[in-house]
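Worksheet: the structure to be examined is printed underneath.
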Amino acid sequence: VDFDPTNPQCWNIVVSDSGNGQLRRFTAEGTMLQAIAMDAVWARTGRPVDTGVLPEHRPCPWGLAYLRNLPHGLSTADSSKHGLAVADFNRHAVLVLSLKGPAESKVMMLGNAGDHFVNFDGSLLRPKGICIDGQGNLYVCDSGNHRVQVFDTRSGDYIRKFGYGHLNDPSGVALVHPEDSCTDVAVSDTGHHCVQIFNSNGDVVRRISLTSQVPGKNARLGSPAQVCCIDGVLCVADTGRDRILVANCGDLNSVTGEMSPVDSPKGLAFLPKCGLLVVAKAYSEEVQIFVHSQYVSRYRFGGESRRQAIGKAVVPGVRRPRHSVNTDGKGRR
């Protein structure tokens, strides 16, 4: 895959295939480029997965975040500077790896990777959604410890935590204004059926329960999963109500758009230059693309190659499609 950071209209899509313990890369048209086994990624950390381990301890990739610059020591002469952070729900860690490097290239590990039922600083228990800011700081939904933790991807060091005592099973996290180093942070609080906004000091600014504008719809958020914020717009994947709610970040209690029904939406990413919203749907095993300005489905792909599509990140690579394209998830049309 050729990466072109100077052309922001070129994209590839990476999906965490949690049921199969893999990462899958697709073109924006739905052609699968690569499948990366998490077992092989873990082997590069020096902590390989025991072949006899129980299913609940097998690798389970969840949240994804694209890195423009790999940490020192992960990039090689044969690799790209582009990287990917992957939250492994079952293995209690976040892995940072090269997207375009040799199979033996190093992998950075954040978290405790297997020490259960601990909540000391820097440890993780069932991490879910993640996002990264312009300084390379990674925000991780530490769902089992009911908090968000922040790590420096350049060094692997723990920085800070926030949300403990306010959050119950946080699942998604996004920067409200990614270009601002002191931005607020939106967190989908699944256990409390709401989205909470924290300032840069970790204090709660607002607690939001979006109200649907569609007649007959349940106004309460059912089970908010991932969130994304681009250009002042907040999108919330409401898995429990099979819909995606859209709001203006300036008035987060008022819904400006709604996409429904969308079967069990889990992962979200917004491509601002081409106005497309990418949705990973957990139980219909597919990725669906929406035209964000019109809230209408444009095309979809997958359905056979994944058991449960959860996380998703967007990376440069291939021009957006100009027409609807369907594939079987393996590149066949």
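Could the peptides 222-234, 14-26 be put in order, highest first, of the mean number of other beta-carbon atoms found within 10 Å of their residues?
Peptide ranking by packing, descending: 14-26, 222-234.
Among 182-195, 86-99, how do they line up from the highest to the lowest mean number of other beta-carbon atoms within 10 Å?
In descending order of packing, they fall as 86-99, 182-195.
Values quoted throughout were computed directly from the atomic coordinates according to the rules given, and no laboratory measurement underlies them. No experiment lies behind these values; they were computed from the predicted model shown. Cβ sites come from the backbone with ideal geometry, for glycine too, and all protein chains shown count toward neighbours.
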